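Values in this text are rule-based calculations from the coordinates and carry no lab data. Please read all numbers here as calculations on a predicted model, not as lab measurements. Cβ coordinates were reconstructed from backbone atoms using ideal geometry, including for glycine residues, and neighbour counts include every protein chain displayed.
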Amino acid sequence: MVATYSIRVIGDPVLTQRASEVQDIDGKLVQLIDEMFDVMYKAPGIGLAAPQIGVQKRLFVFDSDDDPGVLINPVIKESDDRWTFNEGCLSIPGLYFEIERPKRVLISAVDLDGSEIQREVDELQARMFQHELDHLDGTLMVDHLTDEQRKAAKKHLLDLRLNGPKKGPAITIGRDGSLLGDP
Ligand code: NI
């Protein structure tokens, strides 16, 4: 039987819980990862964490710059510098926010072979890794907003929670709460 996973949207409690460490890398996990890639590519997105499809395990898949991969039990070892850039989330469709985060991170994780790996990444990939790792701790990008952004996003987030995703152009909300239009 093939499980069909759908992307959970903000308001779903699974998105605000801490996920558990992966204990075994077995056939079931490999199948889950396969399905996570399917869901991510179909969305489409460049990263997807297991809790976003309702699975409380610490792993995420990604594919930015034709560099697909999976990180299991990831941990940020070091981070450095800061920068602000637009960020979106498959679980918060239609809304982008300017968010400040560290620019470079050193991340350690386990790969599909069970080997410990380390990756040093910067800019967009560093941002994406931090965003996906946040999902494993039940943190969403709305937890990183400025007061002005929170205020400006309130109506849109409420609408999303009550009525679900809707069609139409996405909006970006700047650090100062201004609407920056379609990213
Ligand atoms: Ni996300």
Exercise for the section: Could you pull out every one of the lysines with an alpha carbon less than 24 Å from that of K28, ignoring same-chain neighbours closer than 8 positions? Expected result: K42, K57
Exercise for the section: Considering Cα pairs under 8 angstrom that are at least six residues apart, work out the relative contact order of segment 13-178 and quote it in whole percent. Expected result: 24
Problem - Under 16 Å from the Cα of K103 - aspartates and glutamates, other chains or at least 8 residues apart - result: E78, D80, D81, E87, E120, D122, E123, E132, D134
Problem - Calculated [θ] (222 nm, deg cm²/dmol) that DSSP helices of n ≥ 4 give over the chain, each run adding -39,500 (n - 2.57) - result: -8500 deg cm²/dmol
Exercise for the section: Give me D for segment 13-178 in µm² s⁻¹, whole number, from Stokes-Einstein with Rh from the Kirkwood sum over alpha-carbon pairs, 37 °C and 0.692 mPa s. Expected result: 199
Handout entry: Paramagnetic reach from R18 in segment 37-74 [backbone N under 17 Å; point 7 Å along Cα→Cβ]
Key = 51, 56-59, 73-74
Practice task
Place +1 on the Cβ of every Lys and Arg and -1 on the Cβ of every Asp and Glu in segment 13-178, take the dipole about the Cα centre, and give the residue among T146, L32, G54 whose Cα lies farthest towards its positive end.
Solution key: T146
Problem - Cβ crowding within 10 Å averaged over residues, with 45-51, 127-133, 147-153 ranked highest first - result: 45-51, 127-133, 147-153
Exercise for the section: Enumerate the calculated ³J(HN,Hα) couplings along segment 65-77 in order (Karplus 6.51 cos²θ - 1.76 cosθ + 1.60, θ = phi - 60°), each rounded to whole Hz, writing x wherever the residue is Gly or Pro. Expected result: 6, 6, 10, x, x, 9, 10, 10, 6, x, 9, 7, 8
Handout entry: Proximal lysines relative to K155, as straight alpha-carbon distance under 22 Å, when same-chain residues fewer than 8 apart are discounted
Key = K166, K167
Fill in the blank from the handout: Residue separation between D111 and L124 times 0.36 nm, minus their alpha-carbon distance, gives in nm 2.6 nm
Practice task
Report, in debye and to the nearest 20, how large the dipole of the chain comes out about its Cα centre when Lys and Arg carry +1 and Asp and Glu carry -1 on their Cβ.
Solution key: 960
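By per-residue mean of other Cβ atoms within 10 Å, what is the highest-first order of 54-67, 111-124?
For the peptides 54-67, 111-124, the packing ranking is 54-67, 111-124.
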Fill in the blank from the handout: Residue span R104 to H156: 0.36 nm per residue of separation minus Cα-Cα distance leaves a gain in nm of 15.6 nm
Handout entry: In order through segment 13-24: 3J(HN,Hα) via Karplus (6.51 cos²θ - 1.76 cosθ + 1.60), integer Hz, x for Gly, Pro
Key = x, 4, 7, 10, 10, 7, 7, 8, 4, 6, 9, 10
